[in-house]
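The values are calculated or read from the model by the stated rules, or taken from the named source; none is laboratory data. These figures come from a predicted structure and were not determined experimentally. Quick reminder, even Gly has a Cβ in these numbers, built from the backbone with ideal geometry, and neighbours come from all protein chains shown.
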Amino acid sequence: MALAVTMGDPAGIGPELLLAAWLARDEQTLPAFYVLADPAMMRARAEMLGLEVPIAECTPEDAAGRFSAALPVFALENRADHGVGAAGPASPAAVVEAIETAVTHIHENRARGVVTAPITKKSLYEAGFAYPGHTEFLGALAERLWPGEPADPVMMLAGPDLRTVPVTVHIPISDIPAAWTVDRIASVARITARDLKYRFRISSPRLALAGLNPHAGEGGSIGLEDETVSRKAVEILRAEGIDITGPHPGDTLFHARARKQYDAALCAYHDQALIPVKTIAFDETVNVTQGLPFVRTSPDHGTAFDIAGKGIALPDSLIAAIRLADTLSKGDAA
């Protein structure tokens, strides 16, 4: 059974990364995947870039058998704009259809997992998209299609030497202290520990919690949140049997020696989590959505409209995302 890969925003670098990944399929020993896209757009992008990539329209069932000779594409009902560099008015419907159809294929046992190429939220919002982003939409789809299963999507950035999880994600810095609650920290920690054990096959997951304030509050002299919230959450989680330490100062949590002490670092906010992992391994880091009843990975970068269509975008993170989705969906991650 093949992996489903969405095209992302067709005006961005997603389509050309998919073409490049298919061309590198043998060298990178990639598993079979198919792309949910407008086939005409994919052919046009290959022609624009001078890439000899045959496009074969497929069903999920015949994608694996066609993968060696052509890039399998499941044709969407909605057509996509063929331009590059700026989101077009026709594309949002196709972008949403690709995501929804990929998850439906998993629910129908026609695909093993989904890899999502980058999207731009602005054009989706303008077209009436009601979710803050990919992750929240995937959570809503999970609740709709798997009503009896828990769906609490949590972002993880997974690189070769570091995994980080932001406890709060796409909110302003000014809103973070109010969102830094015992319940939120505990919920994210439980989901992370569970996915590390059952998806990544780490028998005894070790978590480290970063402090909200500099020096983890310096005993309350630089803010009280780490004394009244962070430490209480750690105490509750440890009482439940979860191996978690902290709160740790954020500026000493990510060097090489510190990284050996945990399997994932829970961070207070978006940049505290994403800056270290992207600095250490930008091209190899993968966005993994935890807490879903299916496997979802994504590259750790955006649509890169400024270089779309120039043939210079590197497919490394997409390739890493495909590899990790393959491993997690087989249940043999290490």
message = From the list Thr228, Thr245, exactly one residue is farther than 20 Å from Arg163 by Cα and surrounded by fewer than 23 Cβ atoms within 10 Å (Cβ to Cβ). Which is it?
response = Thr228
Test for Pro31: is it modelled with pLDDT of 95 or more and either over 21 Å from Val103 (Cα atoms) or among the charged types (D, E, K, R) (or both) = no
remark   = Considering segment 111-155, residues that are in contact with a Gly (Cβ under 6 Å, 6 or more places away or on another chain) and modelled with pLDDT of 85 or more, and then whichever is surrounded by the fewest Cβ atoms within 10 Å (Cβ to Cβ), we arrive at Asp152
request  = Run Thr164 past the list (1) touching a helix residue (DSSP H, G or I) at 6+ places or on another chain (Cβ under 8 Å); (2) under 20 Å from Thr6 (Cα atoms) and report the number of the one that doesn't hold.
outcome  = (2)
ask   = Give me the pairs: first residue in segment 277-304 and without any contact (Cβ under 8 Å) to a residue 40 or more places away in the chain, second residue in a loop (DSSP other than H, G, I, E, B), beta-carbon distance under 8 Å, and six or more apart or on different chains, which are they?
value = Phe282/Asp300; Phe282/His301; Asp283/Leu314
key: Test for Thr279: is it in a strand (DSSP E or B), exposed (fewer than 15 other Cβ atoms within 10 Å of the Cβ) and either modelled with pLDDT of 95 or more or more than 14 Å from the chain's Cα centre (by Cα) (or both)   = no
request  = Name the one entry in Leu266, Leu314, Leu324, Leu274 that is in a loop (DSSP other than H, G, I, E, B), modelled with pLDDT of 90 or more and either surrounded by fewer than 22 Cβ atoms within 10 Å (Cβ to Cβ) or not aromatic (Phe, Trp, Tyr) (or both).
outcome  = Leu314
query = Given the structure, is Gly246 in a strand (DSSP E or B), modelled with pLDDT under 95 and not assigned by TED's automatic domain parsing to the domain that holds Phe33?
reply = yes
